[in-house]
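The values are calculated or read from the model by the stated rules, or taken from the named source; none is laboratory data. Bear in mind that the values here come from a model prediction, so they are computed numbers and not experimental data. So basically every Cβ, Gly included, is an ideal-geometry build from the backbone, and we count neighbours across all protein chains shown.
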Amino acid sequence: MFVCMYKFGYPILHIQINVASSLWDPSLVISIHIVSLVNPPRSLRHLSIIYIYIEAGAMENAEELFRVAVIGSGNWGSVAAKLIASNTVKQSMFHDEVRMWVFEETLPNGRKLSETINQENENVKYLPGIKLGSNVVADPDLLNSVKEVNMLVFVTPHQFVEGICKRLVGNIRPDAEAISLIKGMEVKTEGPCMISKLISEMLSVNCCVLMGANIANEIAVEKFSEATIGYRQDKEAAQRWARLFSTPYFLVSAVPDVEGVELCGTLKNVVAIAAGLVDGLDMGNNTKAAIMRIGLREMKAFSKLLFSSVKDSTFFESCGVADLITTCLGGRNRRVAEAFARSGGKRSFDELETELLQGQKLQGVSTAKEVYEVLRNRGWQSLFPLFTTVHEISIGLLPPTAIVEYSEHARNLNLLQGAVQLH
């Protein structure tokens with residue numbers, strides 16, 4: 001605060017500086033007051049600073065810092081924590097510390113994973129060789145990790161979300177908000193339930209989503225990437241999340257389409273399984289491009305059938321076509337599906353997941369099953385031949401070679417346009 005006034009016939013400047021005395025309690029401030037003469041005459045220059053005094057007290061209506069917890073510590077969760085930690089120390093609206101809930105594991109050397117992360121500032125199992133930031137604190141206690149936190153970042157395998165939320169009910173702040181980085185959905189008797197909706201309803205919080213062409217290991221070494229935040233009505237919350245995640249190498253945009261963004265991130269894993277099967281069969285790039293095109297068409301049709309509010313433009317964001325391309329070229333689902341096809345379908349996806357992913361989870365097969373349940377319950381199988389075929393291959397009803405014969409299973413398939421046009 002700067003105040004200029006006159007006293008004793010001379011202009012006087014009063015400067016007040018408020019400094020938070022504790023990052024954990026920003027409402028308690030120390031005020032430093034400097035009272036000085038402005039352009040004093042020569043005879044009074046030795047008194048140019050009349051006095052300095054300090055007072056402490058509570059600042060009324062002080063803005064509270066946002067505190068962040070990352071729920072999940074796998075490959076993508078660790079990268080998310082690194083991104084966030086680099087921003088919380090730079091932006092005054094966030095508390096520096098980023099808590100990361102760790103599903104505790106014992107490493108081969110006998111050490112606990114959470115202890116190793118805190119001692120070495122590195123997730124040696126899921127993101128080796130990358131420093132997370134000294135302000136990242138790993139915590140194996142879920143409830144302790146979210147204590148006093150008002151920004152919750154969910155990034156776990158989707159099949160674990162409901163159980164986690166049950167434990168969090170009644171144990172989070174009433175003003176908490178959430179964002180989901182999770183690609184998948186739950187299929188219940190009443191129909192499909194998106195992960196963001198599950199989180200929102202179980203915890204009574206506003207939940208945005210973040211999806212995009214995000215291969216975690218590339219972001220970890222700070223190669224340029226983009227992502228899309230989907231939000232419903234609270235644009236201010238979306239902007240806050242964008243500030244938390246955005247860096248010079250990780251560009252984040254926001255669109256008012258939660259379901260569209262989330263379904264893009266979910267369904268592309270099914271198409272990636274198909275792309276991996278094509279690679280394993282050595283069918284070439286032309287065939288793979290055709291699979292990706294039909295896959296994108298089925299993604300769009302399925303999304304708009306489930307949610308009429310889904311916007312066409314969302315499929316041209318990073319969460320849409322960009323994520324589909326990168327996942328079909330380099331994601332874990334493509335990699336495991338390629339190995340499955342090369343084995344002639346004789347090795348299970350579960351076996352290959354254990355061998356190839358080092359503890360990470362394969363999402364495409366479980367998502368294909370969930371999508372198929374929706375198709376079967378609504379009689380849509382023939383409208384989505386690629387999705388249907390991927391599921392039937394993954395459970396052993398069809399051989400891997402069926403991925404390039406899927407048109408034979410669909411009476412409504414137009415070979416020039418792909419899957420039947422749905423509006």
Restrict the check to segment 105-117 and report whether at least one residue is surrounded by fewer than 21 Cβ atoms within 10 Å (Cβ to Cβ), modelled with pLDDT of 95 or more and under 25 Å from residue 226 (Cα atoms).
no
Return the total of residues in segment 295-319 being under 19 Å from residue 231 (Cα atoms), free of Cβ contacts under 8 Å to residues at least 60 places away in the same chain and of a type outside the set (Asp, Glu).
10
Just to be sure, is residue 310 within 16 Å of residue 259 (Cα to Cα) and not in a helix (DSSP H, G or I)?
yes
Members of segment 271-285 found to be over 12 Å from residue 338 (Cα atoms) and at pLDDT 95 or above, listed by number
271
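Here's the yes/no breakdown for (1) within 30 Å of residue 401 (Cα to Cα); (2) touching a residue at least 24 places away in the same chain (Cβ under 8 Å); (3) within 13 Å of the chain's Cα centre (by Cα); (4) not assigned by TED's automatic domain parsing to the domain that holds residue 365:
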| site | (1), (2), (3), (4) |
| --- | --- |
| 228 | no, yes, yes, yes |
| 240 | no, yes, no, yes |
| 268 | yes, yes, no, no |
| 290 | yes, no, no, no |
| 293 | yes, yes, no, no |
Of those in segment 144-170 that are over 17 Å from residue 196 (Cα atoms) and touching a Lys or Arg at 6+ places or on another chain (Cβ under 8 Å), the residue surrounded by the fewest Cβ atoms within 10 Å (Cβ to Cβ) is 148
Failed item in (1) within 20 Å of residue 151 (Cα to Cα); (2) of a type outside the set (A, V, I, L, M); (3) out of contact with any Cys (no Cβ under 9 Å at 6 or more places or on another chain); (4) crowded, with 17+ Cβ neighbours inside 10 Å, with residue 280 passing the rest:
(1)
For segment 349-394, how many residues are crowded, with 23+ Cβ neighbours inside 10 Å, part of a helix (DSSP H, G or I) and touching a Lys or Arg at 6+ places or on another chain (Cβ under 7 Å)?
1
For segment 167-178, indicate whether the set of residues that are within 23 Å of residue 358 (Cα to Cα) and part of a loop (DSSP other than H, G, I, E, B) is non-empty.
no
Could you say whether any residue in segment 96-103 is in contact with a helix residue (DSSP H, G or I) (Cβ under 7 Å, 6 or more places away or on another chain), free of Cβ contacts under 8 Å to residues at least 40 places away in the same chain and not basic (Lys, Arg)?
yes
Output for segment 78-106, where each listed residue is closer than 14 Å to residue 67 by Cα, hydrophobic (A, V, I, L, M, F, W, C) and outside any strand (DSSP E or B)
81, 84, 85, 89, 93
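To keep it simple, each residue is scored yes or no on (1) part of a strand (DSSP E or B); (2) in contact with a helix residue (DSSP H, G or I) (Cβ under 6 Å, 6 or more places away or on another chain); (3) at positive phi; (4) among the hydroxyl-bearing types (Ser, Thr, Tyr).
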{"residue": "210", "(1), (2), (3), (4)": "yes, no, no, no"}
{"residue": "232", "(1), (2), (3), (4)": "no, yes, no, no"}
{"residue": "243", "(1), (2), (3), (4)": "no, no, no, no"}
{"residue": "252", "(1), (2), (3), (4)": "yes, yes, no, no"}
{"residue": "263", "(1), (2), (3), (4)": "no, yes, no, no"}
{"residue": "276", "(1), (2), (3), (4)": "no, yes, no, no"}
{"residue": "290", "(1), (2), (3), (4)": "no, no, no, no"}
Could you check, for segment 316-327, whether at least one of its residues is in a loop (DSSP other than H, G, I, E, B) and over 21 Å from the mean Cα position of the chain (by Cα)?
no
Condition first: of a type in the set (Gly, Ala, Ser) and more than 21 Å from residue 220 (Cβ to Cβ). Now tell me which residues in segment 233-252 satisfy that.
237, 238
Any chance residue 187 is surrounded by fewer than 17 Cβ atoms within 10 Å (Cβ to Cβ) and more than 30 Å from residue 223 (Cα to Cα):
yes
